[in-house]
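Report on the structure given below.
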Amino acid sequence: MTDELLAGAVRVRDELAPHVTLEASGNMTLDRLPRVARTGVDFVSVGALTHSAPSLDISLDVENA
């Protein structure tokens, strides 16, 4: 959804069902996050936080005692 559509969804929620929690997700970037937050949604899921995280190879060896 565009930022404008998100803001519209928030207005409808506020008018008709203020108890409903709204989360925005999908196509979220760190650059877009402030604009989406200003729409009034309650939560934003940003996959870019984990998609770009470096990996670390860890192993665990367990011996029978």
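The values are calculated or read from the model by the stated rules, or taken from the named source; none is laboratory data. Source: prediction; values computed, not measured. Using ideal geometry, Cβ is built from the backbone for each residue, glycine included, and neighbour counts are taken over all protein chains shown.
Below, the figures for the structure above:
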read-out	value
Qualifying residue in the range 50-61 (condition: free of Cβ contacts under 8 Å to residues at least 24 places away in the same chain, outside any loop (DSSP other than H, G, I, E, B) and surrounded by 10 or more Cβ atoms within 10 Å (Cβ to Cβ))	no
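Every residue, every condition in (1) modelled with pLDDT under 90; (2) surrounded by fewer than 16 Cβ atoms within 10 Å (Cβ to Cβ); (3) over 13 Å from the mean Cα position of the chain (by Cα), yes or no:
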site	(1), (2), (3)
R11	no, yes, yes
L22	no, no, no
S25	no, yes, no
R32	no, yes, no
T39	no, no, yes
F43	no, yes, no
